[in-house]
Amino acid sequence: MTDAAVSLRDLMSPTSIAHPYPLYERMHRRGEPVIEDPSGVHLVSGYAECHALLRDARCSSDETGSTMFHRMRGRGELSGEDAALLAKAPFMLLDPPAHTRLRRLAHTCLIPAFAGLPERIERIVAELLDAAGERELMDVVADFAFPLPVRIICELLGLPQEDFPRLGRWSGAMARNMDQAFNLDAAARAEGTRARASILDYFHELIPARRAAPSGDVISQLVALADQGAADTEEVASICALLLVAGHETTVNLIANGVLLLLGDPGLRQRVADRPGAAKAMVEEVLRFDPPLHFRTRVALSDIEIAGRVVPRGATLVLLLAAANRDPKRFDSPDVFDLDRRNNRHLGFGLGLHACLGAALARSEGEIALREFARRVRGAERLEARLTYRPTLAMRGPARLPIRYTSVGPGRAGTDSFTPHERTHEMHTTTTTELTEDRLGLLMQGHVAFQALWAGHELGLFGHLSAHPDAPVEETAKALGIEPDPMEVLLGALRGVGLVEVHDGRLRNAPLAEARLVPGKPGSFVPMLGWQHHIVYPGMRDFTAALRSGSSVGLRHFPGPGETLYERLADHPDLRAVFQDAMSGLSSLANEALGSCGALRGLHHVADIGGGDGTNAIALVRSHPGLSVTVFDLPSVTKMAEENIARAGLRDRVRTHSGDMFSDPFPEDLDGVLFSHLLNIFPPDTSVGLLRKAYDCLPEGGKVAVLNMMQNDAKDGPATTMLAAPYFLTIASGQGRLYSWAEYESWIREAGFGGYERFSDLPFFHGLHVGTR
Ligand SMILES: C[S@@+](CC[C@H](N)C(=O)[O-])C[C@H]1O[C@@H](n2cnc3c(N)ncnc32)[C@H](O)[C@@H]1O
């Protein structure tokens, strides 16, 4: 007996929404990757066919161009309200050039906001699981999978948490309406239309407020760029609505579907909990095996021949991505969930121009949520044998998932942010890094990896891709002034280490490269690259010699009088500028905490010892009205500080003082002393000596602040701090290194300070210690 063809009606039935996979399997068994439904819609279940159509410029995302929509309109099935809203479609339902312009705008505003997200996600996941630990039951959807992405997207967009109940309701109604044209339930359609109108109204009210008082969130940035001519207010509201809905609807289902799999397989739970990298692999396999998004629609702009059929112009194509992910022609044993699956190029996030913009965010949320659930929630079991699914196939996931568990294990240490700790010695965040062959290979060729990064920077690649995301490879090579073959070599190296991505011959920065490697962007690492290239790189070739002799042999690359790099730089003005730029870049990443932590509030006069080019002093006075700062540094450096201070228009509040911090007295009338990136240059007794010198010149209640990159107390991480240390022995001073939380605390106390506070989780592995006399 042969199977009957699967119809659109079969797929949209409640039974199929709960169990679509047997239908997909039937479609594959019948060997027809593309079928024409009696409704005129074409159902595409083959992987190769979906893959091709997602990238085919003859396929439009604008549903209003389809024959089906014209018919609906003709039959009066679209209300005036529906039609008006369709005219304000989000960019996922538009074609180039409008799609390209609006997606680029959203990308520009969103990607920098992704920096630092893993820490935020870790924190929220920890809070949700801590709260679950106080109970024995939870609904995985309502208590875990839903609040995490909602809180994250609200933080990114700067939306108040209290607005979320209504935003969540509207967004849910819109997601239910994703089946739109196929959803014959008129009431649900009308509710979806009303919800979209309400969300747009909400953002229309918010936009003028953000214009009047920008607050650094994604919406403020969108508004600022829109006001420069990038988009109109209607389009900004539409982008905000899309980010809100897309920012959590898929992720809720990704997490819930993942937890469902964990609950059914204790062995899987164990592996995800224990094995580094397993949670990442799990997210990819969930996206293939049971993805949140089951289909996307397209409209044929001309007759398209595919799999031996001609799809006529105007026809609606339903690309069944979840079916394609189980195509036996593409995946071995497609119906088996395989954590070790190789070559897992699923279509879970779509592909081509419309590939999910927030894929990196969703992946990160999914990975951390599933890993921590597996790690912490013990003895979990489902309370309902029968699952109830949300009533839409487009966004598929359980409506609820109640579970019981025996306990919730402890979270990781150090996930609190900006928390002052009084007399604490707990270990700071540490992750043991598993050594794999690939990682060992990367270490062995670390110098090549850096040269690739530097070449990308020197050729202007990251800046170019920021201005032209999704540029064709060939065009980019031309813009960089290199031939296609060398370009391939460069791209190979950069893709190998994950700095750039290529999709369909188009090139873009990886999200973190976009946030950190684009010159001139706030928070850019670029100034530190020059220092690595011109100073650290040549000097570190002498590391072994420095270890053998216990001295800064690498200094030989910077000839001149003086025992330290800082003194020698007086004779190398170009390198001095490179060095101070790097320090300023590093300090700018972290010094916001000096203001936001509030520890230095109320002080009148702070000396910034070894204050460099004045970056920290300028930031300090800007965040502390009534404060003045004296930058104390070597004479060649205070000149640079003076220029920066004058440029900032702060000569009345920031002064400089040239001298040697060991032999000259500190400035007078101080009630605060700052040592930023300084005590690490010296051995512990020298640091204690400097802290004592600060103590001696401070009055009762005066404060000393130490800002630095921190080692954890186990002294095995984070890797970035550990690898920053050998430079001090080999090049900078021949004696320093980076120290741990406990070491700084003990020196501050040893120098006589009675009060002690620490502020952890500052950007780029920094910490702040504050002692009070
Ligand atoms: C690593 S940089 C830190 C700059 C700045 N505090 C910051 O955080 O960006 C160290 C600074 O200490 C200064 N320095 C080194 N030895 C010094 C000394 N003996 N007296 C005064 N300043 C010194 C250097 O010139 C340099 O500006």
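The set of residues in the range 286-340 being more than 34 Å from the chain's Cα centre (by Cα) and among the polar types (S, T, N, Q) consists of 302, 316. If only residues of the range 255-266 that are open to solvent by 10 Å² or more (accessible area, probe 1.4 Å) and not charged (D, E, K, R) are counted, the one that is farthest from residue 104 (Cα to Cα) is 266.
Residue-wise test of (1) more than 10 Å from the ligand (Cβ to nearest atom); (2) part of a helix (DSSP H, G or I); (3) buried (at least 16 other Cβ atoms within 10 Å of the Cβ).
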{"residue": "521", "(1), (2), (3)": "yes, no, yes"}
{"residue": "536", "(1), (2), (3)": "yes, yes, yes"}
{"residue": "554", "(1), (2), (3)": "yes, yes, yes"}
{"residue": "559", "(1), (2), (3)": "yes, no, no"}
{"residue": "574", "(1), (2), (3)": "yes, yes, no"}
{"residue": "587", "(1), (2), (3)": "no, yes, yes"}
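The single condition among (1) charged (D, E, K, R); (2) farther than 19 Å from residue 584 by Cα; (3) buried (at least 21 other Cβ atoms within 10 Å of the Cβ) that residue 652 does not satisfy is (3). Total residues in the range 589-630 satisfying the condition of being in contact with a helix residue (DSSP H, G or I) (Cβ under 6 Å, 6 or more places away or on another chain) and buried (at least 24 other Cβ atoms within 10 Å of the Cβ): the figure is 11. Got at least one residue in the range 719-726 being in a loop (DSSP other than H, G, I, E, B), within 15 Å of the ligand (Cβ to nearest atom), within 37 Å of the chain's Cα centre (by Cα) and surrounded by fewer than 22 Cβ atoms within 10 Å (Cβ to Cβ)? Within the range 719-726, one or more residues are in a loop (DSSP other than H, G, I, E, B), within 15 Å of the ligand (Cβ to nearest atom), within 37 Å of the chain's Cα centre (by Cα) and surrounded by fewer than 22 Cβ atoms within 10 Å (Cβ to Cβ).
Checked against the criterion of being out of contact with any Leu (no Cβ under 8 Å at 6 or more places or on another chain), open to solvent by 10 Å² or more (accessible area, probe 1.4 Å) and closer than 30 Å to residue 142 by Cα, the candidates 245, 252 yield just one match: 245. Scanning the range 589-611 for residues that are near the ligand (Cβ under 10 Å from one of its atoms), modelled with pLDDT of 95 or more and of a type outside the set (D, E, K, R) returns 609, 610, 611. Considering the range 620-630, the residues that are aliphatic (A, V, I, L, M) and either part of a helix (DSSP H, G or I) or within 12 Å of the ligand (Cβ to nearest atom) (or both) include one that is farthest from the chain's Cα centre (by Cα), namely 629. Each residue in the range 631-642 was checked for being open to solvent by 50 Å² or more (accessible area, probe 1.4 Å) and within 12 Å of the ligand (Cβ to nearest atom), and 2 of them qualify.
The condition of being at pLDDT below 95, in the same structural domain as residue 618 (by TED's automatic domain parsing) and open to solvent by less than 10 Å² (accessible area, probe 1.4 Å) holds for only one of 736, 702, 755, that being 736. Filtering the range 741-758 for residues that are over 25 Å from residue 568 (Cα atoms), within 16 Å of the ligand (Cβ to nearest atom) and either small (Gly, Ala, Ser) or under 29 Å from the mean Cα position of the chain (by Cα) (or both) leaves an empty set. Filtered by the rule that a residue be assigned to a strand (DSSP E or B), among the aliphatic types (A, V, I, L, M) and surrounded by fewer than 21 Cβ atoms within 10 Å (Cβ to Cβ), the range 309-339 gives a lone residue, 310. For the range 106-164, the set of residues classified as more than 30 Å from residue 379 (Cβ to Cβ) and touching a Ser or Thr at 6+ places or on another chain (Cβ under 7 Å) consists of 117, 158, listed by residue number. Hey, can you tell me all the residues within the range 759-773 that are buried (at least 23 other Cβ atoms within 10 Å of the Cβ) and either more than 35 Å from the chain's Cα centre (by Cα) or on the phi > 0 side of the Ramachandran plot (or both)? Listed by number, the list holds a single entry, 765. For the range 705-718, a residue qualifies if it is among the hydrophobic types (A, V, I, L, M, F, W, C), open to solvent by 10 Å² or more (accessible area, probe 1.4 Å) and in contact with a helix residue (DSSP H, G or I) (Cβ under 9 Å, 6 or more places away or on another chain), and exactly one does: 709.
Against the list (1) within 27 Å of residue 366 (Cα to Cα); (2) not in a loop (DSSP other than H, G, I, E, B), the condition residue 298 fails is (1). Against the definition (open to solvent by 10 Å² or more (accessible area, probe 1.4 Å), more than 13 Å from the ligand (Cβ to nearest atom) and of a type outside the set (Lys, Arg)), how does residue 664 come out, yes or no? Against the criterion (open to solvent by 10 Å² or more (accessible area, probe 1.4 Å), more than 13 Å from the ligand (Cβ to nearest atom) and of a type outside the set (Lys, Arg)), residue 664 does not qualify.
Residue 645 falls short on exactly one of the conditions (1) closer than 24 Å to residue 598 by Cβ; (2) open to solvent by less than 10 Å² (accessible area, probe 1.4 Å); (3) more than 9 Å from the ligand (Cβ to nearest atom), and that condition is (1).
Residues checked against (1) open to solvent by 20 Å² or more (accessible area, probe 1.4 Å); (2) within 23 Å of residue 112 (Cβ to Cβ); (3) in a helix (DSSP H, G or I):
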position	(1), (2), (3)
210	yes, yes, yes
216	yes, yes, no
223	no, yes, yes
271	yes, no, yes
286	no, no, yes
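Residues in the range 373-394 that are open to solvent by 10 Å² or more (accessible area, probe 1.4 Å) and under 30 Å from residue 515 (Cα atoms): none.
Only helices (runs of 4 or more DSSP H) whose full extent lies in the range 435-499 are considered here, and the ones with at least 3 residues that are over 24 Å from the mean Cα position of the chain (by Cα) are 437-444, 446-458, 473-480, 484-496. Does residue 617 satisfy the condition of being within 14 Å of the ligand (Cβ to nearest atom) and over 35 Å from the mean Cα position of the chain (by Cα)? When the stated conditions are applied, residue 617 does not pass them.
If you go through the range 667-693 and pick out every residue that is open to solvent by less than 50 Å² (accessible area, probe 1.4 Å), of a type outside the set (Val, Ile, Thr), away from the ligand (no atom under 15 Å from the Cβ) and over 14 Å from residue 608 (Cα atoms), you end up with 1.
For the range 342-366, filtered to residues that are open to solvent by 50 Å² or more (accessible area, probe 1.4 Å) and at pLDDT 90 or above, the residue that is farthest from residue 324 (Cα to Cα) is 363.
The criterion of at least 1 residues that are assigned by TED's automatic domain parsing to the domain that holds residue 259 and closer than 23 Å to residue 297 by Cβ is met, among helices (runs of 4 or more DSSP H) falling completely within the range 32-150, by 47-54, 67-74, 80-86, 98-114.
The values are calculated or read from the model by the stated rules, or taken from the named source; none is laboratory data. Remember, predicted model here, so these are calculated numbers, not experimental data. Heads up, the Cβs are rebuilt from the backbone with ideal geometry, glycines too, and the neighbour counts pull from every protein chain shown. We work out accessible area using only protein heavy atoms, side chains counted, and drop any ligands, DNA or RNA first. Shrake-Rupley method; radii C 1.70, N 1.55, O 1.52, S 1.80 Å.
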